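So the structure is just underneath, and the comments pick up after that.
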Amino acid sequence: MVFLLLPLVKVPMDRSLAALSLGGITYPLYLLHNRAGKAVYDWGSGSVKPLLLVCMIAAAMLLASWAIHNYLERRIADRLKFYLFASSHKLRTVRNSKVAAGKE
């Protein structure tokens, strides 16, 4: 129901650090929660109460997602942006020189 209403209703977006951090961890959390969470659940299901185990796994997945976002994704993203912008500039330069020479 919420996903049906989002495109129809203007939702004010908060640009706070907390909102940006929560948005940043969504993809690592998506990638981690299924396989890693299930593996940990299967491993600990016999010795820990299910509700406690799920809470512990959720906290661990959130922490791991936060660490991946802050220590891997952000550093890789800066380098990736640099190389993408540099390569797109080179492509534009080559294309503009071909256009100027009448080859394109």
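The values are calculated or read from the model by the stated rules, or taken from the named source; none is laboratory data. Remember, predicted model here, so these are calculated numbers, not experimental data. Neighbour counts run over all protein chains shown; Cβ positions are idealised from the backbone, glycine included.
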Next item on the list: Quick one: in the range 24-56, of everything that is charged (D, E, K, R) and part of a helix (DSSP H, G or I), which residue is farthest from Glu73 (Cα to Cα)?
Entry: Asp42
Note to self: Just to be sure I understand, how many residues within the range 25-42 are closer than 11 Å to Met61 by Cα and surrounded by 15 or more Cβ atoms within 10 Å (Cβ to Cβ)?
What the structure shows: 7
Next item on the list: Enumerate the pairs (first residue in the range 1-26 and among the small types (Gly, Ala, Ser); second residue anywhere and assigned to a helix (DSSP H, G or I) and modelled with pLDDT of 75 or more) with beta-carbon separation below 6 Å, excluding pairs fewer than 6 apart on the same chain, so at least 6 apart or on different chains.
Entry: Gly24/His69
